[in-house]
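Asks: For reference, the structure I am asking about is given below.
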Amino acid sequence: MEKQKGLSLVETIIYVALLGLLMTTVVNLLLTVSSVYVRARVVRNASQQGIGAMERMTRAIQLAYRVDSSQSVLGSSPGDLRIDSIITPTNTATTSRRFLLSGDTLILEEGVTPAVALTNGIRVTNLTFYRIDTGASGPEAVRIEMTIQAGQGNLQTTHTLYGTAMMRGSY
């Protein structure tokens, strides 16, 4: 009797089942890696934009010599900070700057120039400014609290950022 070459039906079914299990594992692994990459990109974008906006506000406050308390909304969200400051450390001409929310976008209005969005693609859900007065002859400072959100669904991330800047022109 000659030996038959090839696979039996049972062997074929076992091989197909093992191949299906292996393919399912590989696809699940690829989906997990893809999801982690997208989430990391959302978190990185939110962090970069939030930190950039916070740094921009901090630098502007450091150039300021006065908070316009009568025009600002302090201690509640959405805050509206109006400061009087010099333009740059080398250009001592004065200007006014205003930080506020328009919807969920952080806006900077400077002098008579058009408003500029400081955030793009993220939502600012909380913006609160606190004026810190250290006494009659002491310098003033501003504390900033900002909460940002980015992404959608289960890929959503939320960060709360805090910053304090001393107004160099106030001392």
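The values are calculated or read from the model by the stated rules, or taken from the named source; none is laboratory data. Bear in mind that the values here come from a model prediction, so they are computed numbers and not experimental data. Every residue, glycine as well, gets a Cβ built from its backbone with ideal geometry; the counts of neighbours run over all protein chains shown. Just the protein is used for accessible areas: all its heavy atoms, side chains included, with ligands, DNA and RNA removed. Shrake-Rupley method; radii C 1.70, N 1.55, O 1.52, S 1.80 Å.
Asks: Suppose we keep only residues that are open to solvent by less than 40 Å² (accessible area, probe 1.4 Å), out of contact with any helix residue (DSSP H, G or I) (no Cβ under 7 Å at 6 or more places or on another chain) and among the hydrophobic types (A, V, I, L, M, F, W, C) within region 71-107. Which one would you say is nearest to Gln156 (Cα to Cα)?
Replies: Filtering first and then ranking leaves Leu101.
Asks: Also, quick follow-up: Output the residues belonging to region 4-20 that are exposed (fewer than 10 other Cβ atoms within 10 Å of the Cβ) and either in contact with a helix residue (DSSP H, G or I) (Cβ under 8 Å, 6 or more places away or on another chain) or not polar (S, T, N, Q) (or both). Before you say what the answer is, go through the steps one by one.
Replies: The initial filter retains those residues of region 4-20 that are exposed (fewer than 10 other Cβ atoms within 10 Å of the Cβ), namely 4-6, 8-10.
If the condition is that a residue be exposed (fewer than 10 other Cβ atoms within 10 Å of the Cβ) and either in contact with a helix residue (DSSP H, G or I) (Cβ under 8 Å, 6 or more places away or on another chain) or not polar (S, T, N, Q) (or both), then Lys5, Gly6, Leu9, Val10 are the ones that fit.
Asks: Among the residues of region 121-140, count how many are open to solvent by less than 70 Å² (accessible area, probe 1.4 Å) and either touching a Leu at 6+ places or on another chain (Cβ under 8 Å) or under 20 Å from Asp84 (Cα atoms) (or both).
Replies: So the answer is 9.
Asks: Let me ask something additional. Based on this model, can you work out whether Val43 counts as in contact with a strand residue (DSSP E or B) (Cβ under 6 Å, 6 or more places away or on another chain), in contact (Cβ under 8 Å) with a residue 40 or more places away in the chain and either aromatic (Phe, Trp, Tyr) or under 26 Å from Thr158 (Cα atoms) (or both)? I'd like the intermediate steps shown before the answer.
Replies: Values: in contact with a strand residue (DSSP E or B) (Cβ under 6 Å, 6 or more places away or on another chain): yes; in contact (Cβ under 8 Å) with a residue 40 or more places away in the chain: yes; either aromatic (Phe, Trp, Tyr) or under 26 Å from Thr158 (Cα atoms) (or both): yes.
Yes.
Asks: Could you look through region 46-68, keep only residues that are farther than 29 Å from Leu155 by Cα and of a type in the set (D, E, K, R), and pick out the one that is most open to solvent (accessible area, probe 1.4 Å)? Let's see the steps before the verdict.
Replies: Quick first cut of region 46-68, residues farther than 29 Å from Leu155 by Cα only: 58-68.
Next, from what is left, pick out any that are of a type in the set (D, E, K, R): 59, 66, 68.
Details: Arg59: 126, Arg66: 99, Asp68: 31 Å².
Among them, the one singled out is Arg59.
Asks: Still on this model: Restricting to region 141-162, what's the tally of residues that are open to solvent by less than 30 Å² (accessible area, probe 1.4 Å) and at pLDDT 85 or above? If you could, list the steps in order and put the result at the bottom.
Replies: Pass one, region 141-162, residues open to solvent by less than 30 Å² (accessible area, probe 1.4 Å): 141-142, 144, 146-148, 150-151, 157.
Filter once more, so that each one left must be at pLDDT 85 or above: 141-142, 144, 146-148, 150, 157.
Total meeting the criteria: 8.
Asks: Also, I was wondering about something else. If Thr24 meets every condition in (1) touching a strand residue (DSSP E or B) at 6+ places or on another chain (Cβ under 7 Å); (2) open to solvent by 50 Å² or more (accessible area, probe 1.4 Å); (3) modelled with pLDDT of 90 or more apart from one, which number is that one?
Replies: Status for Thr24: all satisfied but (1).
Asks: Please indicate, with yes or no, whether at least one residue in region 20-39 is of a type outside the set (S, T, N, Q), over 26 Å from the mean Cα position of the chain (by Cα) and not in a helix (DSSP H, G or I).
Replies: Within region 20-39, none of the residues are of a type outside the set (S, T, N, Q), over 26 Å from the mean Cα position of the chain (by Cα) and not in a helix (DSSP H, G or I).
Asks: Continuing with the same structure: Among Arg66, Arg59, which is the only one that is within 23 Å of Thr128 (Cβ to Cβ), basic (Lys, Arg) and within 18 Å of the chain's Cα centre (by Cα)? Let's see the steps before the verdict.
Replies: On the way: Arg66 fails: within 18 Å of the chain's Cα centre (by Cα).
Arg59 is the lone residue from the list that is within 23 Å of Thr128 (Cβ to Cβ), basic (Lys, Arg) and within 18 Å of the chain's Cα centre (by Cα).
Asks: Restricting attention to strands (runs of 3 or more DSSP E) lying wholly within region 43-106, give those where 1 or more residues are in contact with a Leu (Cβ under 6 Å, 6 or more places away or on another chain), farther than 18 Å from Asn126 by Cβ and among the aliphatic types (A, V, I, L, M). I'd like the intermediate steps shown before the answer.
Replies: On the way: elements: 64-67, 80-86, 94-102.
In region 43-106, the matching strands (runs of 3 or more DSSP E) lie at 80-86.
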